[in-house]
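Notes to accompany the following structure.
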Amino acid sequence: MHSAKVVSAPEPDRNPKFSAAQGQYLAFIYAYGTIHRQAPAEADLRRFFRVTAPSVHRMVLELEKRGLIRRVPRTPRSIELLIPPEELPILRDVATARSVRTSVQGY
């Protein structure tokens, strides 16, 4: 009699390589490069995510520090993605992803 091997599904990564916000930046870098055939400038990231220039720059530095991207300092459009696109989340539109506040009038 043969015993069947039980193969369990791989456990989800308990220590993701990047946060949700970092994943969105990485997904944008990939999408932008695919569409435009060049890396985004920090200004492109700023416009898409609707954040300040210093916020984008801090994120780029953090992604580089974590080994998720490579870039050449002071060289425009030099961001290079260092992880496979299969590991990226789906890019969300920040305009529609934000919660919408509504007010309800009492009757």
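Charges at C-beta only: +1 for Lys and Arg, -1 for Asp and Glu. How large is the resulting dipole of the range 20-84 about its Cα centre, in Debye rounded to 20?
120
Can you sort R92, R50 by how many other beta carbons sit within 10 Å, fewest first?
Arranged by neighbour count, lowest to highest, R92, R50 become R50, R92.
Take each of the peptides 73-85, 17-29, average the number of other beta-carbon atoms within 10 Å over its residues, and list them starting from the highest.
Final packing ranking: 17-29, 73-85.
For I35, I69, what ranking results if the residue with the fewest other Cβ atoms within 10 Å of its Cβ goes first?
I35, I69
Quick check on the range 20-84: what are the equivalent-ellipsoid semi-axes from the Cα gyration tensor, as sqrt(5λ), descending, whole Å?
Each semi-axis is √(5λ); the values are 14, 14, 12 Å.
Bear in mind that the values in this text are calculations on the coordinates, not laboratory data. All of these numbers come straight from a predicted model, not from anything done at the bench. FYI the Cβ positions are ideal-geometry reconstructions off the backbone, even for glycines, and counts take in every protein chain you see.
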